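The values are calculated or read from the model by the stated rules, or taken from the named source; none is laboratory data. Everything quoted here is computed from the prediction, not taken from an experiment. Cβ placement follows ideal geometry from the backbone for every residue including glycine, while neighbour counts extend to all protein chains displayed. Surface accessibility is based on the protein's heavy atoms, side chains included, excluding ligands, DNA and RNA. Shrake-Rupley method; radii C 1.70, N 1.55, O 1.52, S 1.80 Å.
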2 protein chains.
Amino acid sequence: MISPGIIEAVPTARERVRAEVTAEITAAARRQLAEVGAAALSLRAVAREVGMVSSAVYRYFPSRDDLLTRLILEGYDALGEAAEAADAPADPPRERWLAVCRAVRAWALAHPHEYALLYGSPVPGYSAPPDTVPAAARVGIALGGILRAAAFSGALPPGTGGRDPALVSDETAAVLGGDHPSIDDAVRVRALLAWSSLFGTISFELFGHLVGSVQDGDRYFDRAMTELAALLGL
Amino acid sequence: MISPGIIEAVPTARERVRAEVTAEITAAARRQLAEVGAAALSLRAVAREVGMVSSAVYRYFPSRDDLLTRLILEGYDALGEAAEAADAPADPPRERWLAVCRAVRAWALAHPHEYALLYGSPVPGYSAPPDTVPAAARVGIALGGILRAAAFSGALPPGTGGRDPALVSDETAAVLGGDHPSIDDAVRVRALLAWSSLFGTISFELFGHLVGSVQDGDRYFDRAMTELAALLGL
DNA sequence: CCCGTGTCAAGAGCAGTGCTCTCCATTGCG
DNA sequence: CGCAATGGAGAGCACTGCTCTTGACACGGG
């Protein structure tokens with residue numbers, strides 16, 4: 001404990017190999033997840049894939065749920081990155097909205113099991129660890145930025161200024177366009193609704209609830225998201 | 001096979017006791033489901049609860065998944081019944097819409113694990129048995145009936161008559177107001193979107209995605225569903 | 001240099017799971 | 001009345017998450 005800093009800046013060899021093994025485990029787990037889904041993901045199978053015995057994995061993750069939590073966090077980050085990458089801030093708000101929605105759907109279709117892990121039923125009795133919150137918020141923040149841009153470009157009609165923190169929290173209101181006068185609680189509720197509807201639409205498609213109702217998923221999604229854009233005034 | 005009819009109308013004693021035991025098993029399974037959720041539902045625990053050994057349960061359900069499928073079917077029926085019971089056809093469409101939405105949410109909040117089983121991630125690799133489809137459609141049919149009533153009362157503006165079975169299937173279009181001239185594919189897409197958004201909103205609330213954003217869930221839900229009603233023209 | 005300490009892989013083991021198989025008692029029907 | 005169908009009980013298999021103990025290894029201070 002004579003080390004100069006609280007946290008050693010340069011990692012020791014031990015720490016480096018530990019980080020490597022941890023990454024190897026999560027990579028194998030992500031492969032397993034993509035193949036068989038979260039429910040059937042077996043810690044022992046992951047251990048076999050990386051050539052370890054199951055008990056050794058517990059040196060890196062205290063439980064299977066912690067491994068899944070790690071995958072949830074990485075999933076949120078990957079999805080958020082895809083959404084942000086699809087957003088071209090120079091485009092008009094409606095195009096940006098559509099582009100981000102399409103990117104989210106594309107990611108979900110490409111990673112159905114990961115999407116189900118993020119937005120399906122919470123695995124145990126659900127308990128979102130606080131460190132997943134910022135990652136989970138990335139898509140919402142991207143969508144909020146679009147709304148904000150639309151407001152500051154003068155595309156939104158002036159609102160009545162309704163404000164109730166019990167309806168929409170201050171943190172969320174800050175993300176959803178902030179303090180622009182044309183954004184009131186009515187707009188914020190619509191924004192949260194549009195956000196929920198985006199994922200509701202994707203979940204319905206991915207979980208099979210639209211089978212028999214919608215055949216051309218691409219076109220249906222585009223038209224539905226266009227309706228949501230109109231609802232938001234984009 | 002000399003029995004007079006294809007199916008014996010009056011059940012034999014054997015059949016009666018078999019139906020009773022089956023009901024007892026599903027009742028215990030439903031209790032288990034409500035307590036620990038679908039993922040942790042153990043067929044052996046269900047067997048213990050009804051005082052049987054696990055292998056005996058397999059005389060009634062060929063696998064755990066079949067038991068869960070049974071619970072899914074009953075869940076859809078219970079939810080559909082709650083939705084239909086809340087619908088007062090004499091009320092104006094907007095009130096009917098709000099009443100049904102509130103009933104669906106109330107059922108979901110009262111039966112979170114059952115709701116998660118119905119609308120969360122599909123348990124195995126998902127496979128909706130065809131016999132669950134009619135039960136699953138009940139809420140959608142109730143909502144479609146409201147739209148139809150609104151159309152025939154002349155509350156909806158005339159549409160342009162767009163129609164593409166690849167976008168919205170004929171069966172679904174028939175449920176969504178049928179052949180009324182003011183209902184075209186644009187309205188149908190909005191109806192499917194509103195349907196998805198209803199469950200998307202409930203899922204977001206129930207699965208914790210609105211934690212930190214919405215505090216007064218009741219009021220937020222009412223306002224969001226009112227926005228959806230307006231989107232539908234109700 | 002060498003020895004103690006901390007890290008980690010490996011193995012055995014426990015309690016639980018879904019599911020299969022065999023054995024046997026009961027029951028209802030010809 | 002006897003025979004075949006029915007269904008319960010038990011053992012057993014392969015698998016799971018997780019714990020505990022054992023032993024090998026590397027690192028750093030004396």
Selection from the range B:45-94 of residues that are aliphatic (A, V, I, L, M) and farther than 16 Å from B:L33 by Cα: B:M52, B:V53, B:A56, B:V57, B:A82, B:A83, B:A85, B:A86, B:A88, B:A90
Any idea which residue in the range A:61-84 is farthest from the other protein chains (Cβ to nearest Cβ), counting only those that are among the aliphatic types (A, V, I, L, M), open to solvent by less than 20 Å² (accessible area, probe 1.4 Å) and away from DNA strand D (no atom under 16 Å from the Cβ)? A:A83
Criterion (loosely packed, with under 13 Cβ neighbours inside 10 Å, assigned by TED's automatic domain parsing to the domain that holds B:A150, away from DNA strand C (no atom under 14 Å from the Cβ) and not β-branched (V, I, T)) met by exactly one of B:P89, B:P112: B:P89
With the condition kept exactly as written, say whether any residue in the range B:148-170 is closer than 20 Å to A:G217 by Cβ and part of a helix (DSSP H, G or I). yes
B:S196: at the interface with chain A (Cβ under 7 Å from one of its Cβ atoms), surrounded by 23 or more Cβ atoms within 10 Å (Cβ to Cβ) and touching a residue at least 40 places away in the same chain (Cβ under 8 Å), yes or no? no
B:L117 fails exactly one of the following numbered conditions: (1) open to solvent by 20 Å² or more (accessible area, probe 1.4 Å); (2) within 20 Å of B:T69 (Cα to Cα). What is the number of that condition? (1)
Which one of these does B:E171 not meet: (1) surrounded by 15 or more Cβ atoms within 10 Å (Cβ to Cβ); (2) within 19 Å of the chain's Cα centre (by Cα); (3) at the interface with chain A (Cβ under 8 Å from one of its Cβ atoms)? (1)
Restricting to the range A:41-86, name every residue that is hydrophobic (A, V, I, L, M, F, W, C) and within 16 Å of DNA strand C (Cβ to nearest atom). A:L41, A:L43, A:A45, A:V46, A:A47, A:V50, A:M52, A:V53, A:A56, A:V57, A:F61, A:L67
Scanning the range B:28-53 residue by residue, those open to solvent by 30 Å² or more (accessible area, probe 1.4 Å) and assigned to a helix (DSSP H, G or I) turn out to be B:R30, B:R31, B:Q32, B:A34, B:E35, B:V36, B:R44, B:R48, B:E49
Give the range B:212-227 a look and list any residue that's more than 7 Å from chain A (Cβ to nearest Cβ) and free of Cβ contacts under 8 Å to residues at least 12 places away in the same chain, or say none. B:D218
Test for B:R48: is it more than 9 Å from DNA strand D (Cβ to nearest atom) and either among the polar types (S, T, N, Q) or modelled with pLDDT under 95 (or both): no
Somewhere in the range B:152-165, is a residue under 28 Å from B:A78 (Cβ atoms) and of a type in the set (A, V, I, L, M)? no
Taking A:A9 as meeting all but one of (1) in a loop (DSSP other than H, G, I, E, B); (2) modelled with pLDDT of 95 or more, write down the number of the exception. (2)
Restricting the range B:54-78 to residues that are hydroxyl-bearing (S, T, Y) and assigned to a loop (DSSP other than H, G, I, E, B), the residue that is farthest from the chain's Cα centre (by Cα): B:Y58
Give all pairs with beta carbons closer than 7 Å in which a residue from the range A:32-49 that is of a type in the set (V, I, T) meets a residue that is more than 8 Å from DNA strand D (Cβ to nearest atom); count only pairs at least 6 apart in sequence or on separate chains. A:V46/A:I25; A:V46/A:A28; A:V46/A:A29; A:V46/A:Q32; A:V46/A:V57
